[in-house]
1. Which count do you get for residues in segment 60-82 that are within 17 Å of residue 120 (Cα to Cα) and either free of Cβ contacts under 8 Å to residues at least 12 places away in the same chain or in a loop (DSSP other than H, G, I, E, B) (or both)?
2. Name the residue, out of 132, 113, 126, that is surrounded by 18 or more Cβ atoms within 10 Å (Cβ to Cβ) and part of a helix (DSSP H, G or I).
3. Among the residues of segment 1-16 satisfying the criterion of being out of contact with any strand residue (DSSP E or B) (no Cβ under 6 Å at 6 or more places or on another chain) and not in a loop (DSSP other than H, G, I, E, B), which is nearest to residue 64 (Cα to Cα)?
4. When you scan segment 89-110, do you find a residue that is touching a residue at least 40 places away in the same chain (Cβ under 8 Å), crowded, with 17+ Cβ neighbours inside 10 Å, within 18 Å of the chain's Cα centre (by Cα) and not in a helix (DSSP H, G or I), even just one?
5. Against the condition within 26 Å of residue 51 (Cα to Cα), small (Gly, Ala, Ser) and touching a residue at least 24 places away in the same chain (Cβ under 8 Å), how does residue 243 come out, does it pass?
6. Report yes if some residue within segment 127-144 is in contact (Cβ under 8 Å) with a residue 60 or more places away in the chain and within 19 Å of residue 44 (Cβ to Cβ); otherwise report no.
7. Within segment 17-31, identify whether any single residue is out of contact with any Lys or Arg (no Cβ under 7 Å at 6 or more places or on another chain) and in a helix (DSSP H, G or I), and answer yes or no.
Amino acid sequence: MNSVLMSSLSWVAYQERLQDGELVLLLPCGALEQHGPHLPLGTDALLSDAIAQAVAAKVNGLVAPTLSYGYKSQPKSGGGQHFPGTTSLDGQSLSQITRDVIREFARHGVKNLVVVDGHYENQWFLTEGIDLAMRELGAANPLRIMRLEYWDFCTEETLHHVFPEGFPGFALEHAAVIETSLMLHYFPQLVHLDVIPDEKSADFPPYDLYPACTHWVPPSGVLSSAKGASAENGALMAEQITASIAKAITYEFSKGHNKPLC
């Protein structure tokens, strides 16, 4: 049994962990979405959960079960809804689920919660769910929440090492070097390097059209090349990202820090 996982604990053991007022609960959030022919549909959920577990081990935290469905895939960041296997929630649904689970965590007595997002399109709907929960709980409730996208913790130094010829930007990194490298580090058995597409990066116009123009998206669903991916780059990013997230959590939620509360 992995004691970092909330789901592996009995309610009695969970209640005992909650007696620590500085306990941090991490909620990974992902999606079920195509990630090209070389990565699994559950990539976003798998990576957010793996990173949350690695961070929890550094901060003596717990990891709640992953929210594995996310907001609709967009052509310019996730390839779009036209790919078989991509299974998405409406924004309101994701916000309501987020609100509900946060409300339940507050009922349990959780005081420090970190929402770890691994799906680009989730951001504002997770934010809405957090806002709805906090509004309902009221100012007297001690729960504090941090929301983050794990890729934002990649430093310029790390990105320069991983992308010596230039970083294409996070939106085009769908199923590309970052995700493929991290999957090679955490879940190498699920990566099929022999079928990585050899295509140029997608080139999107500065606007959207509805219905979505599926011909804008490379047929593979990969928005920029993953050819530069490696387990070594994945290990480098994983360690740097998780250390940086752990540092931020410790700074914001430790009672001993010297910064004023927000």
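The values are calculated or read from the model by the stated rules, or taken from the named source; none is laboratory data. Just so you know, these numbers come straight off a predicted model, no measurement behind them. Ideal geometry is used to build each Cβ from the backbone, glycine not excepted, and the neighbour counts take in all protein chains shown.
1. Let us first name the residues in segment 60-82 that are within 17 Å of residue 120 (Cα to Cα), namely 66-81.
Filter again for either free of Cβ contacts under 8 Å to residues at least 12 places away in the same chain or in a loop (DSSP other than H, G, I, E, B) (or both), leaving 66, 68-70, 72-74, 79-81.
Total satisfying the criteria: 10.
2. Working: 132 fails: surrounded by 18 or more Cβ atoms within 10 Å (Cβ to Cβ); 113 fails: part of a helix (DSSP H, G or I).
The unique qualifying residue is 126.
3. Looking only at segment 1-16, we keep the residues that are out of contact with any strand residue (DSSP E or B) (no Cβ under 6 Å at 6 or more places or on another chain), and these are 1-3, 7-16.
Filter once more, keeping what is not in a loop (DSSP other than H, G, I, E, B): 7-8, 11-16.
Numbers: 7: 7, 8: 10, 11: 13, 12: 16, 13: 14, 14: 11, 15: 14, 16: 16 Å.
In this case the residue turns out to be 7.
4. No, that holds for no residue.
5. Working: within 26 Å of residue 51 (Cα to Cα): yes; small (Gly, Ala, Ser): yes; touching a residue at least 24 places away in the same chain (Cβ under 8 Å): yes.
Spelling it out, residue 243 is indeed within 26 Å of residue 51 (Cα to Cα), small (Gly, Ala, Ser) and touching a residue at least 24 places away in the same chain (Cβ under 8 Å).
6. Here is the first cut: in segment 127-144, the residues in contact (Cβ under 8 Å) with a residue 60 or more places away in the chain are 144.
From what is left, the residues that are within 19 Å of residue 44 (Cβ to Cβ) are none.
Checked segment 127-144: no residue is in contact (Cβ under 8 Å) with a residue 60 or more places away in the chain and within 19 Å of residue 44 (Cβ to Cβ).
7. The first filter runs over segment 17-31 and keeps only residues out of contact with any Lys or Arg (no Cβ under 7 Å at 6 or more places or on another chain), leaving 17-20, 24-31.
This time we only want the ones that are in a helix (DSSP H, G or I), so: 17.
Yes: segment 17-31 contains one or more residues that are out of contact with any Lys or Arg (no Cβ under 7 Å at 6 or more places or on another chain) and in a helix (DSSP H, G or I).
Here's the yes/no breakdown for (1) hydrophobic (A, V, I, L, M, F, W, C); (2) at pLDDT 95 or above:
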residue: 173; (1), (2): no, no
residue: 180; (1), (2): no, yes
residue: 184; (1), (2): yes, yes
residue: 193; (1), (2): yes, yes
residue: 196; (1), (2): yes, yes
residue: 257; (1), (2): no, no
